[in-house]
């Protein structure tokens, strides 16, 4: 119960999966053999703010039963994941990932965390399905942020541990609907939308995972003898690409490096303070369209139009993937608030006009490429490219300046593949 409000004595029902013994010492000890399956609170009092207990005018019993745990007992199993609430999901995960079969291992026995990954994916796809059916979608704050983290955790375990190909999660939704749909009819009603949201979110985060791994690998290969991974790169991956810091830590450990967690905590504090100061608007930002006066001024100054021939520099791999060559470019002009600028401070959204680009611009109904810039010779600052369009022969890259950006800066352009 809470610090104030209705309360009373309670009793708990625990079940010993072994049986035939006195297991009292294992109650509430996190033992997998003795688990709580039911809780009963006899509501008799109201706890006042000063701690006094006042009798309630009416008494009630507040009861809470764990469905999965009760099913485990009724089906004679030792684990929730061995019941028919989960086994169809675990079987589908095995078929979709080609991972070793689920064995129910825990702790040290599960040396490579494969069984843990099975449980995470199965549990999280149920949570995602029910929440999305109730109208809560993965997003940037509040309950939506919690759901986004749940989805990304499921994606990470499926791709990094189970080594599953892209697209594992969405096909699991119909299985959740089959298992829980009778109790939750909204699951059947919203099944198509749940599959679409889960699939789109998985694709987007997998693209970030691949991009982050490439950045980490390049950074380590170009780094010196330090045993600590550059803090700036780790923070850029987290802040600009939504790359989880704990996953950055796992990946750099593969190279024998570590993260400076104290420095990252300090950057997080600074970021929170900046958000409070800026109080950025929630609505989507308007397109940074070059106005006629600015176009005329660019031409008057002799700024050449953008050479976009590098967008055709790519190779087709044997597996059908297109690999795009990074492009070197120079900042010719910056644009913000209907004004041409030679410098943009940190944190500002602006348009960058470059001498050359490898990005397809939005035109003729075709959507634009997205990706990021880095400064030539640097790896620790990423400039996310949000949109690309053409105006008067100039390819306009809409970006967020994560650090001050100036005319004349040399850049390297990368596409999200």
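The table below gives the values:
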{"item": "Residues residue 27 and residue 210, FRET efficiency given R0 of 35 Å [Cβ-Cβ distance, rounded to 0.05]", "result": "0.15"}
{"item": "Rg over Rh, two decimals, the stretch 30-87 (C-alpha only, Kirkwood Rh)", "result": "1.23"}
{"item": "Cβ-based exposure ranking for 17, 60, in which fewest neighbours within 10 Å come first", "result": "60, 17"}
{"item": "Calculated diffusion of the stretch 120-270, Stokes-Einstein form, Kirkwood radius summed over Cα pairs, 10 °C and 1.306 mPa s, µm²/s", "result": "95 µm²/s"}
{"item": "Computed E for residue 16/residue 355 - FRET, C-beta separation, R0 60 angstrom, nearest 0.05", "result": "0.20"}
{"item": "Hull volume in cubic angstrom per residue (convex hull over the Cα atoms of the stretch 128-187)", "result": "80 Å³"}
{"item": "Rg/Rg_ref, the stretch 5-65, where Rg_ref = 2.2 N^0.38 Å and atoms are Cα", "result": "1.47"}
{"item": "Burial ordering of 273, 190, fewest other beta-carbon atoms within 10 Å first", "result": "273, 190"}
{"item": "Rh (Kirkwood; distinct C-alpha pairs) - the stretch 223-279, Å", "result": "12.0 Å"}
{"item": "For the stretch 292-415, the Rg and Dmax computed from alpha carbons only, in angstrom", "result": "14.4, 48"}
{"item": "For the stretch 1-130, convex hull of alpha carbons as volume per residue, Å³", "result": "175 Å³"}
{"item": "Calculated FRET value between residue 297 and residue 193, using beta carbons and R₀ = 56 Å, to 0.05", "result": "0.75"}
{"item": "Per residue, the convex hull volume that the Cα atoms of the chain enclose (Å³)", "result": "222 Å³"}
{"item": "Computed lengthening from residue 182 to residue 134, 0.36 nm per intervening residue step minus Cα-Cα distance", "result": "15.8 nm"}
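Computed from the coordinates by the stated procedures, all read-outs in this text should not be read as laboratory data. Computed from a prediction, not measured in an experiment: that's the story for all the values here. Neighbour counts run over all protein chains shown; Cβ positions are idealised from the backbone, glycine included.
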